[in-house]
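For reference, the structure is listed below as structure tokens.
Coordinate-derived values only; no laboratory data. Not measured: the values here are computed from a predicted model.
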């Protein structure tokens, strides 16, 4: 089990969560991180190796509401 995180701004307790967005069909998607500068194909679509994607975990301070993001 991971130890509790403390806010680097105020020292408050950080609560774990996720950052949700919407896809073009209105479905929910979790933010992801990809290393390096994005490259696009001739049609403008991002070219990525899905094996290199990492989910983004968010931690929100319960005192000052600062949000930190971490790729896991």
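What is the ratio of the Cα radius of gyration of the range 1-42 to 2.2 N^0.38 Å, where N is its residue count, to two decimals? Let's see the in-between values first.
Working: Rg = 16.3 Å, N = 42, 2.2 N^0.38 = 9.1 Å.
Working it through for the range 1-42, the quotient is 1.80.
Hey, what did the range 14-71 get for relative contact order, percent, Cα under 8 Å, at least 6 apart?
Numbers: 86 pairs, mean separation 21.6, N = 58.
37 percent.
Please list log₁₀ I(q)/I(0) at q = 0.18, 0.19, 0.23 Å⁻¹ for the chain, using the Debye equation with identical point scatterers on the alpha-carbon positions.
Each listed q maps to, in turn, -0.84, -0.89, -1.05.
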